[in-house]
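*Asks:* Below is the structure I would like to discuss, written out as C-alpha cells.
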Amino acid sequence: MSVNSNKYIVQNMERISFFDLENGACQFVADDLQEATMTNEQETVYATGKNGVKIGSADRNKASRITATNGTIVDGIMAMQVGSDVVVGKTTVPNHFFALETQDGVSADVKIKPIGEVGNEIKYIYKRNTDGTVGKAYPIAAAASADAFKYDPAAKKITLPTGAFHANETIYTFYDIEVSDAKKITNAENRFSSTGMLIADVFAKDICTEKSYYGKIIYPKAKASGNFDMQFGTDPSVQSMEFEALSGGCSSTATKTLWDFIVFDEDDAAVL
C-alpha cells in the first residue's frame, strides 16, 4: 500500500552501509549504532544597504554530514577510515608475549614456534620479578652460560642460564610468531580515508496509523573522515565515524545530489 502519511516518527538509525563507487561492493555494515546525527548546512550571504540593513541574499555552499557511534568494532569501518583493505591470510605477529614455567630450573618448553633467523629466533628471556615486572635480561647464544640461554628448535626447548633460575619459576619472553587466517589492517602514511556511497536505514512510523515504513538516507558520494578515537577503559570501546556528502557523482541523477531521503512500503516493491 502506498505511503499516505506526510509526517512520521523517526527514532533510531538502524544501520549504515558503505559501498565502493567503482564496483558497488559493500565495504561494511554498521548495525550496532548507539547514536547518530545528520547535520545539514548552507551558507547565506546578505547584501546590505544603508546602516547595514539586509536588502538581499544569496545562498551557497550547501553541506551535509552524518556522524555516528557504533557499539562494536567493525573491521571494515576501520579499514575504510585509514584507506586500507582487510587482508586475510598468513601473518607474522611481532614480539608476542609468553610466560613460561622453568620446570626443573634448568629448561623451559616452547609450545609455539618462533619465527626468525636460526640462532636468533628468541632474542632475550627475562627473569620475572616477585612483583610481576620484567627483570634481568638474558640474550640467546650458541651455548647456555651464566649470562645467556640456548634455544633448541628441534627439541622445542630453552636451556636456561646456569644457576640463574629455580624450579617452578616464571620467565618472560617476546618473539615473532606466524599465524594463519589472521586479519590485518594497515594504517599507511600515504593512504587516506575512502569515498563511497552511504546508505543509512531508518524506520518511519505513521503518526496516525502506527504503520512503519522503510526510510533510507542516501549519500550518492560520501567522504569518510580519517579522524577517529578509540577509548579503552571501564566500558567497552566504541567506534566513531563521520561522513561528508560530496557533489559530483558520475550518474546523471547524482551529479548535483547531496542526498535523497526515500520513504516506502516494502509491499510496493516489484515482486518476481
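The values are calculated or read from the model by the stated rules, or taken from the named source; none is laboratory data. Quick caveat, the model's predicted, so the values are computed rather than measured. Backbone-built Cβ (ideal geometry, glycine too); neighbour counts: all protein chains shown. Protein only, heavy atoms only, side chains kept; ligands, DNA and RNA dropped before computing areas. Shrake-Rupley method; radii C 1.70, N 1.55, O 1.52, S 1.80 Å.
*Asks:* Once you compute Rg and the Kirkwood Rh from C-alpha atoms, what is the Rg to Rh ratio for segment 24-124?
*Replies:* On the way: Rg = 29.0 Å, Rh = 20.9 Å.
Radius of gyration over Kirkwood radius for segment 24-124 works out to 1.39.
*Asks:* What share of all Cα pairs of segment 69-159, in percent, falls into each consecutive 5 Å distance bin?
*Replies:* Going out from 0 Å in 5 Å bins, segment 69-159 shows 2, 10, 17, 19, 13, 7, 7, 10, 8, 4, 1, 0 percent.
*Asks:* Could you list the residues of segment 166-209 with an amide nitrogen less than 16 Å from a label point located 7 Å from the Cα of T91 in the Cα-to-C-beta direction?
*Replies:* Within reach of a label on T91, which here means backbone N under 16 Å from a point 7 Å along Cα→Cβ, segment 166-209 contributes 176-188.
*Asks:* Tell me which GluC sites (Glu not before Pro) from segment 91-185 have a DSSP coil assignment and no more than 13 other beta carbons within 10 Å of their own.
*Replies:* Here the sparse-neighbourhood loop sites are E117.
*Asks:* With a cut-off of 8 Å between alpha carbons and a minimum separation of six or more residues, what is the relative contact order of segment 135-272 in percent?
*Replies:* Numbers: 186 pairs, mean separation 21.0, N = 138.
It comes to 15 percent, rounded to a whole number.
*Asks:* Then there's this: Report the gain in length on full extension from K50 to F261: 0.36 nm times residue separation, minus Cα-Cα distance, nm rounded to one decimal.
*Replies:* Values: separation 211, 0.36 × 211 = 75.96 nm, distance 4.20 nm.
Length gained between K50 and F261: 71.8 nm.
*Asks:* Checking the a/c ratio against 1.5 first, then a/b against b/c, what shape does the Cα gyration tensor give for segment 14-66?
*Replies:* The shape class here is oblate.
*Asks:* If you count only protein heavy atoms with a 1.4 Å probe, what accessible area per residue comes out for segment 181-252, rounded to a whole Å²? Walk me through the numbers before you get to the answer.
*Replies:* Working: 4370 Å² over 72 residues.
It amounts to 61 Å² per residue over segment 181-252.
*Asks:* Something else now. Residues in segment 164-198, backbone N under 19 Å from the label point at E121 (7 Å along the Cα-to-beta-carbon vector): list them, ranges by number please.
*Replies:* 171-180
*Asks:* So, in segment 1-119, how many Lys pairs have Cα atoms under 26 Å apart, if the pair is 8 or more places apart or on different chains?
*Replies:* Total qualifying Lys-Lys pairs in segment 1-119 comes to 4.
*Asks:* Then there's this: What is the pair-distance distribution P(r) of segment 105-262, computed from all Cα-Cα distances in 10 Å bins starting at 0, with each bin given as a whole percent?
*Replies:* 8, 21, 16, 15, 12, 12, 12, 4, 0
*Asks:* While we're on this one: Measuring with a 1.4 Å probe in the full set of protein chains, what accessible area per residue, in whole Å², belongs to segment 1-159? Each step should come with its number before you reach the end.
*Replies:* Values: 9960 Å² over 159 residues.
Each residue of segment 1-159 exposes 63 Å² on average to a 1.4 Å probe.
*Asks:* Straight-line reach from K205: which aspartates and glutamates fall under 12 Å, measuring Cα to Cα and dropping same-chain residues less than 8 apart?
*Replies:* D265
*Asks:* Round to a whole number: what % of the accessible area of segment 56-207 belongs to carbon and sulfur, probe 1.4 Å?
*Replies:* That share works out to 51 percent.
*Asks:* Express the C-alpha Rg of the chain as a ratio against the empirical globular expectation 2.2 N^0.38 Å, rounded to two decimals.
*Replies:* So the chain has a normalised radius of gyration of 1.59.
*Asks:* Suppose R0 equals 51 Å; then what is the FRET efficiency for L246 and D147 from their Cβ-Cβ distance, rounded to the nearest 0.05?
*Replies:* 0.25
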